[in-house]
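Visitor: Right, I'll just put the structure down here and ask away after.
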Amino acid sequence: MAMTDVLSAEDIKKAVGAFSAAESFNYKKFFEMVGLKKKSAEDVKKVFHILDKDRSGFIEEEELKFVLKGFTPEGRDLSDKETKALLAAGDKDGDGKIGAEEFATLVAES
């Protein structure tokens with residue numbers, strides 16, 4: 001499944017482009033701009049599974065670094081600071097990774 005099966009290619013391009021500068025990533029604005037905030041719980045889960053590259057059932061710190069590339073190959077890598085901030089926001093149980101429920105909560109809070 002491709003990200004464009006769930007989200008509009010135009011919204012993805014706009015959202016990823018808005019955060020192309022280093023240290024500019026804001027997950028709350030990104031999830032809103034990309035249209036994820038308005039999607040059903042089912043669609044949010046689909047996006048989670050696309051971002052979970054190793055299919056472990058979690059998005060680990062290494063996968064978070066490439067979260068924008070998960071939406072489009074043109075996306076940049078997040079900096080270590082941005083990656084750690086995103087992980088801290090999403091990792092509610094402190095296990096160092098984001099599960100599907102935590103991801104859904106992260107999107108809902110944005």
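The values are calculated or read from the model by the stated rules, or taken from the named source; none is laboratory data. Quick caveat, the model's predicted, so the values are computed rather than measured. Methodologically, a virtual Cβ is constructed for each residue, glycine included, from the backbone with ideal geometry; neighbour enumeration extends over all protein chains shown. The area values use the complete protein model at the heavy-atom level, side chains included, leaving out ligands, DNA and RNA. Shrake-Rupley method; radii C 1.70, N 1.55, O 1.52, S 1.80 Å.
Visitor: Per the 1.4 Å probe, what fraction of the accessible area of the range 9-109, in percent, lies on carbon and sulfur atoms?
Guide: Working: 2910 of 5490 Å².
After summing per-atom areas, the C and S share lands at 53 percent.
Visitor: Distance in nm between label sites at LYS53 and ALA21, each 7 Å beyond Cα in the beta-carbon direction?
Guide: 2.7
Visitor: Which one, GLY96, PHE58, VAL34, projects farthest toward the positive side of the charge dipole computed for the range 28-110 from Cβ point charges (K/R +1, D/E -1)?
Guide: The residue sitting most towards the positive pole is VAL34.
Visitor: Where in the range 37-56 does the amide nitrogen come within less than 12 Å of the point 7 Å from the Cα of ALA108, taken along Cα to Cβ?
Guide: Only 41-42 fall inside the zone, counting backbone N under 12 Å.
Visitor: Please list, in order, the residues from the range 1-34 whose amide nitrogen is less than 18 Å from a point placed 7 Å along the Cα→Cβ vector of ASP43.
Guide: Answer for the range 1-34: 1-16, 28-34.
Visitor: How much accessible area per residue does the chain have, in Å², with a 1.4 Å probe? Each step should come with its number before you reach the end.
Guide: Values: 5960 Å² over 110 residues.
Ligands and nucleic acids excluded, the figure is 54 Å² per residue.
Visitor: Can you list the trypsin sites (Lys or Arg not before Pro) in the range 1-77 that are in a DSSP coil and have 11 or fewer other beta carbons within 10 angstrom? Working shown, then result.
Guide: Values: sites: LYS13, LYS14, LYS28, LYS29, LYS37, LYS38, LYS39, LYS45, LYS46, LYS53, ARG55, LYS65, LYS69, ARG76; in loops: LYS39, LYS53, ARG55, LYS65, ARG76.
Answer in residue order: ARG55.
Visitor: Also, I was wondering about something else. Quick one: dipole size for the chain, taken about the Cα centre, charges +1 on Lys/Arg Cβ and -1 on Asp/Glu Cβ, in debye to the nearest 20.
Guide: Details: 18 positive and 23 negative charges, 80 e Å.
Approximately 380 debye in magnitude.
Visitor: How large is the Kirkwood hydrodynamic radius of the range 9-109, in angstrom, based on all distinct alpha carbon pairs?
Guide: Working: mean 1/r = 0.0748 Å⁻¹.
After inverting the pairwise mean of 1/r, the radius is 13.4 Å.
Visitor: So what is the calculated 222 nm ellipticity per residue for the chain, using -39500 (n - 2.57) for each DSSP H run with n of 4 or more, over all residues, to the nearest 500 deg cm²/dmol? All intermediate terms of the calculation are to be shown ahead of the outcome.
Guide: Details: 7 runs with 58 residues, N = 110.
-14500 deg cm²/dmol, from helical runs alone.
Visitor: Give me a comma-separated list of calculated 3J(HN,Hα) values for the range 83-88, in order, Karplus coefficients 6.51, -1.76, 1.60 applied at θ = phi - 60°, integers in Hz, x for any Gly or Pro.
Guide: Along the range 83-88, the couplings run 4, 5, 5, 5, 4, 4 Hz.
Visitor: Here's a follow-up. Order the following by accessible area, largest value first: THR105, THR4. Probe radius 1.4 Å; ligands, DNA and RNA are ignored.
Guide: Details: THR105 55, THR4 80 Å².
From most exposed to least exposed: THR4, THR105.
Visitor: Find which of THR83, ALA22, LEU7 sits farthest along the positive direction of the dipole of the chain, computed with +1 on the beta-carbon of Lys and Arg, -1 on that of Asp and Glu, about the Cα centre.
Guide: Final value for the positive-end residue is LEU7.
Visitor: Rolling a 1.4 angstrom probe over the protein chains, ignoring ligands and nucleic acids, what is the accessible area of VAL44 in square angstrom, nearest 10?
Guide: 10
Visitor: Loop only by DSSP, 16 or fewer other Cβ within 10 Å of the Cβ. Give me the GluC sites (Glu not before Pro) in the range 1-95 that pass, ordered by residue number.
Guide: Of the GluC sites (Glu not before Pro), the ones in loops of the range 1-95 whose Cβ has at most 16 other Cβ atoms within 10 Å are GLU23, GLU74.
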